[in-house]
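Engineer: Here it is: the structure, laid out below.
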Amino acid sequence: MTAVDFLAFTRGPLFDVALIIFIAGLAIRFVEILVLGRRRDFSEPRRGGFGSGLRTMFSRTLPETGTMKRAPTTVVAGWVFHIGFLVTLLLFVPHIEMFQAVLGFGWPGLPTPIIDFAGILAMVAMVVVLINRLRNPVMRFLSGFGDYLPWLLTFLPLITGWLVFHRLLLPYPAMLGLHILSVELLMILFPFTKLMHTFTAFLARYYTGAAFGRKGVQS
Amino acid sequence: MSANVERAVNAFKEQIDASTAAFFSSCVHCGLCAEACLFYLETGDPKYTPIHKLEPLRRVWWSSYTLFGRLASLIGLAPKVTDDLLKDWKELVYDSCSMCGRCSMVCPVGNDITGMIRKEREGMIAAGHAPDGLKGASSRAIKIGSPMGVTLKAVKAQIGHLEADTGMTIPVNVEGAEYLVLMSSMEIMNYPEYLEAIARIFEAAGASWTIASDAFEATNSGIQIGASDIARELVMRIVAAAERLKVKTVISPECGHAYTALRWEGPNLIGRPFPFKARHILEVLDEFRADGRLQTEGFEEDRLTFHDPCQIVRRGGVIDEPRRLIDMVAKDFVEMDDNGRYNWCCGAGGGVSAIEEAHDLKLTAFLKKKKQLDAVKPEKLMTACANCRIQLEEGMEETGMDIPVIGLTETLAEHLKTPETAKG
Ligand code: SF4
Ligand code: SF4
């Protein structure tokens, strides 16, 4: 198989397979969660839970001040990574073209030097995140394969993408093929790893925000 | 699987719902919940990380309710819940968690870790792995009517003293009274000031109230140990008395978990809404204040701070009421650094105070509060929970601090304008 064949394969059939597994996996995970249902709450609410739930979906993005003071590395590196990653993923013009092909609609992107910078930021933050995970006693204690695998799955598309962008290491078609392959790996394993938090965190935040909100506590 | 473990697993399954599944699915092991937990912060031991306390529950969720987990357990690869695991987790689930709810406020993915620990306790007790202190308290609550073994006789004796001392009549079993007043064992045994304060404030407010001879106890060991059946029976006693006496509002006393038990868990335990209102005493006093029925005179001159009882404030939503009431009687009120919904627990909630083995740990956990107090240097420490109060007093004694701890309700009563002066 030539590099061009490899690229065609990752762009074509393999991408379709990855996409199907990704979507089916997401559906399975969400159904798994939602079918469990929740019991009706008979206690008299102090205020409606719905609005508080929605609020918490967003408000938890910002840390409580004490947490920021006690664990600045975790908070800041986490933040920088998420922003850098999302900017690279969602605002890079070739990515938007890919989304357009799959979703049928697109959006404006950012100039490439900004994307380049965002990608580097994300990678640097990820290295900090990893070192932090290995050094912080609590994180090291909690972490296992299920935590390191998602790290790798996320880091590979970033580094390969950056190499493609700068035409480094391998010829363009081969490197791009590898980049797409790493993304496909991410998509396939996404629903079955902690990467799921990307979506379920909003559900979790909603549940907690609503439960606290009924009691009149902003969370 | 031993019968014990099977009971635990079934209880876990009974408890796991969509929110539990969303929470476990979302945890990224960032460790930030540890930074919110006084048991971790004061010991520095990572095993006290809140989410780690949930490992048994997590295993059941993963192996029973996820595709990969189910496949893994089919081929025997899923980590199992064993009797040894549950035994090992007893300390984590009970001794080192006061159910304070602080971890649930900071988890970036929004996990209500505290709520899950409450659920996990159902399985722990189902397998018999609950601390003896809590088991004893629960059985005394069921058999005698109070976790501390306080009998109706003791309550009557207290009422007798009170009536003799003050000349007031304490209403018992009065049908049609507006309010049913509950007490905690601690108040009956250690802080009789509470009942006197209620009698005086309610008389001044012109509110009709009563105590029920068959439901004077507000505390609920059932929710602390995590046994819904016990919790239900204890709540049902209150509901039955309230319905029999046709009261409009049942008042939970200056106790944290009693409020959670009655106000938020109660209707769900009995499976229907209450036909009466369940309120914390501070909420009722704040209503009196707003209606002009609670009037005070004079101020506490000392520098005074307020310790928020977790179950009343963060897990209960009674946040502004105590502050409005304190303003009525305090000139020099200072807030501690983290207060209100971000307060730090006293270290002995959630049943911890009843666990003998947790004695040293709860005093270590108190050091968090000590640091807060050292920072504001109050001359008096006010709170609104008898359980917090005992822990604060014990913690301060152990660490050589000397700040008197006072209850909010009784302080209001001390400054009460008598009906005569109020009219005039
Ligand atoms: S703070 Fe939340 S996401 Fe982080 S380790 Fe604790 S439970 Fe998991
Ligand atoms: S509820 Fe409080 S004591 Fe329990 S784990 Fe969370 S922060 Fe720690």
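The values are calculated or read from the model by the stated rules, or taken from the named source; none is laboratory data. Quantities reported herein were computed from a predicted structural model and do not represent experimental measurements. Note that we place each Cβ from the backbone using ideal geometry, even for glycine, and neighbour counts take in every protein chain shown. Protein only, heavy atoms only, side chains kept; ligands, DNA and RNA dropped before computing areas. Shrake-Rupley method; radii C 1.70, N 1.55, O 1.52, S 1.80 Å.
Engineer: Report the local net charge at B:Ile281: Lys and Arg +1, Asp and Glu -1, summed over other residues whose C-beta lies under 10 Å from its C-beta.
Structural biologist: -3
Engineer: Please sort by residue number the GluC sites (Glu not before Pro) in segment B:296-329 whose DSSP state is loop and whose Cβ has at most 14 other Cβ atoms within 10 Å.
Structural biologist: B:Glu297
Engineer: Using the charge dipole of the protein assembly as shown (Lys, Arg: +1 at Cβ; Asp, Glu: -1 at Cβ; taken about the Cα centre), state which of A:Gly51, B:Ser25, B:Thr82 has its Cα farthest towards the positive end.
Structural biologist: B:Ser25
Engineer: Another question about this same structure. In deg cm²/dmol, rounded to 500, what helix-only [θ] at 222 nm does chain B give when every DSSP H run of at least 4 residues adds -39500 (n - 2.57) and the total is split over its residues?
Structural biologist: One gets -14500 deg cm²/dmol as the mean residue ellipticity at 222 nm.
Engineer: What number comes out for accessible area per residue over chain A if the probe is 1.4 Å? Units Å², please.
Structural biologist: 52
Engineer: Ignore the peptide's own chain and count Cβ atoms of other chains within 10 Å of each Cβ in A:34-44; give me the average, rounded.
Structural biologist: Average per residue, whole number: 6.
Engineer: Dipole of segment B:3-130 (Lys/Arg Cβ +1, Asp/Glu Cβ -1, origin at the Cα centre): which of B:Trp61, B:Leu92, B:Ile51 lies farthest to the positive side?
Structural biologist: Comparing the listed Cα positions along the dipole, B:Trp61 ranks first.
Engineer: For B:Arg200, what accessible area in Å² do you get when you roll a 1.4 Å probe over the heavy atoms of the protein chains, rounding to the nearest 10?
Structural biologist: 80
Engineer: Which peptide among A:185-191, B:401-407 comes first, and what is the full order, when sorted by highest mean count of other Cβ atoms within 10 Å?
Structural biologist: A:185-191, B:401-407
Engineer: Could you tell me which Cys residues in chain B have no other cysteine's Cβ under 4.7 Å from their own Cβ, answering none if every one has a partner?
Structural biologist: Taking the Cβ cut-off of 4.7 Å, the unpaired cysteines of chain B are B:Cys27, B:Cys30, B:Cys37, B:Cys97, B:Cys107, B:Cys255.
Engineer: Report the accessible area of B:Met236, computed with a 1.4 Å probe over the heavy atoms of all protein chains in place, in Å² rounded to the nearest 10.
Structural biologist: Near enough 70 Å² of accessible area.
Engineer: Return the carbon/sulfur percentage of the accessible area of the protein assembly as shown, one whole number, probe 1.4 Å, all protein chains in place. Please report the intermediate quantities before stating the final value.
Structural biologist: Numbers: 16120 of 26220 Å².
Carbon and sulfur atoms account for 61 percent of the accessible area of the protein assembly as shown.
Engineer: Kindly tabulate the residues in segment A:45-76 with an accessible-area decrease of at least 30 Å² between the chain alone and the assembly of all protein chains, using a probe of 1.4 Å.
Structural biologist: A:Arg46, A:Arg60, A:Glu64, A:Thr67, A:Arg70, A:Thr74
Engineer: What quantity of accessible surface, computed with a 1.4 Å probe and excluding non-protein components, is buried in total between chains A and B, in Å² to the nearest 100?
Structural biologist: Buried surface at the A/B interface: approximately 4600 Å².
Engineer: Still on this model: Test of understanding: extend the Cα→C-beta vector of B:Asp374 to 7 Å, then name every residue of segment B:24-59 with backbone N under 17 Å from that spot.
Structural biologist: So the set is B:38-39, B:41-44.
Engineer: Can you give the net charge of the other residues whose Cβ lies under 11 Å from the Cβ of A:Thr56, counting K and R as +1 and D and E as -1? Don't jump to the answer; show the numbers that get you there.
Structural biologist: Numbers: positive: A:Arg55, A:Arg60, A:Arg205; negative: B:Asp112.
Local charge sum for A:Thr56: +2.
Engineer: Which chymotrypsin sites (Phe, Trp or Tyr not before Pro) does segment B:234-330 hold that lie in a coil by DSSP with at most 10 other beta carbons within 10 Å? Walk me through the numbers on the way to the answer.
Structural biologist: Numbers: sites: B:Tyr259, B:Trp264, B:Phe276, B:Phe288, B:Phe299, B:Phe306; in loops: B:Phe276, B:Phe299.
Hits after loop and neighbour filter: nothing returned.
Engineer: Which residues of segment A:161-205 bury at least 10 Å² of accessible area once all protein chains are present, versus their chain alone (1.4 Å probe)?
Structural biologist: For segment A:161-205, once contacts with the other chains are taken into account, A:Phe192, A:Lys194, A:His197, A:Thr200, A:Ala201, A:Ala204, A:Arg205 lose 10 Å² or more.
Engineer: What accessible area per residue, rounded to a whole number of Å², is obtained for segment B:134-290 using a probe radius of 1.4 Å?
Structural biologist: On a per-residue basis, segment B:134-290 sits at 35 Å².
Engineer: Follow-up. Just the number please: accessible area per residue for segment B:304-414, 1.4 Å probe, all protein chains included, in Å².
Structural biologist: 33
Engineer: Using a 1.4 Å probe on the protein heavy atoms only, what accessible surface does B:Asp337 show? Give it in Å² to the nearest 10.
Structural biologist: The accessible area comes out at roughly 130 Å².
Engineer: Once the Cα atoms of helix A:49-59 and of chain A are each reduced to a long axis, what angle between those two axes, in degrees from 0 to 90 to the nearest 10, is obtained?
Structural biologist: 40
Engineer: Using 0.36 nm times the number of residues separating B:Glu175 and B:Arg293, minus their current alpha carbon distance, what extension gain do you get? Can you show the working numbers first?
Structural biologist: Working: separation 118, 0.36 × 118 = 42.48 nm, distance 2.28 nm.
Here the answer is 40.2 nm.
Engineer: Sticking with this structure for a sec: Estimate the FRET efficiency between A:Met1 and A:Leu54 by the formula 1/(1 + (r/R0)^6), using the beta-carbon distance for r and 56 Å for R0, to the nearest 0.05. Can you show the working numbers first?
Structural biologist: On the way: r = 50 Å, r/R0 = 0.89.
Efficiency, from the Cβ-Cβ distance: 0.65.
Engineer: Please average, across the residues of B:310-323, the number of beta carbons from any other chain that are within 10 Å of each residue's own beta carbon, and give a whole number.
Structural biologist: Counting Cβ atoms of other protein chains within 10 Å of each residue's Cβ and averaging gives 2.
Engineer: Say a site is exposed when it is one of the trypsin sites (Lys or Arg not before Pro), sits in a DSSP loop, and has at most 15 other Cβ atoms within 10 Å; what is then the longest site-free stretch of chain A?
Structural biologist: No qualifying site falls inside A:48-166, the longest such stretch.
Engineer: Averaged across the residues of B:34-41, what count of C-beta atoms belonging to other chains lies within 10 Å of each residue's C-beta?
Structural biologist: Counting Cβ atoms of other protein chains within 10 Å of each residue's Cβ and averaging gives 3.
Engineer: Determine Rg/Rh for the protein assembly as shown; Rg is computed over alpha-carbon atoms and Rh is the Kirkwood hydrodynamic estimate from the same atoms.
Structural biologist: Working: Rg = 27.9 Å, Rh = 26.8 Å.
Ratio of gyration radius to Kirkwood radius for the protein assembly as shown: 1.04.
Engineer: Between helix A:93-103 and chain A, what is the angle of the helix's C-alpha long axis to the longest principal axis, kept within 0 to 90° and rounded to the nearest 10?
Structural biologist: 70
Engineer: Show me the three semi-axes of the equivalent ellipsoid for chain B, from the C-alpha gyration tensor (sqrt of 5 times each eigenvalue), largest first, rounded to whole Å.
Structural biologist: Here the semi-axes work out to 38, 25, 18 Å.
Engineer: Note the angle between two axes, namely the Cα long axis of helix A:172-189 and the longest principal axis of the Cα atoms of chain A, as a number of degrees from 0 to 90, rounded to the nearest 10.
Structural biologist: 30
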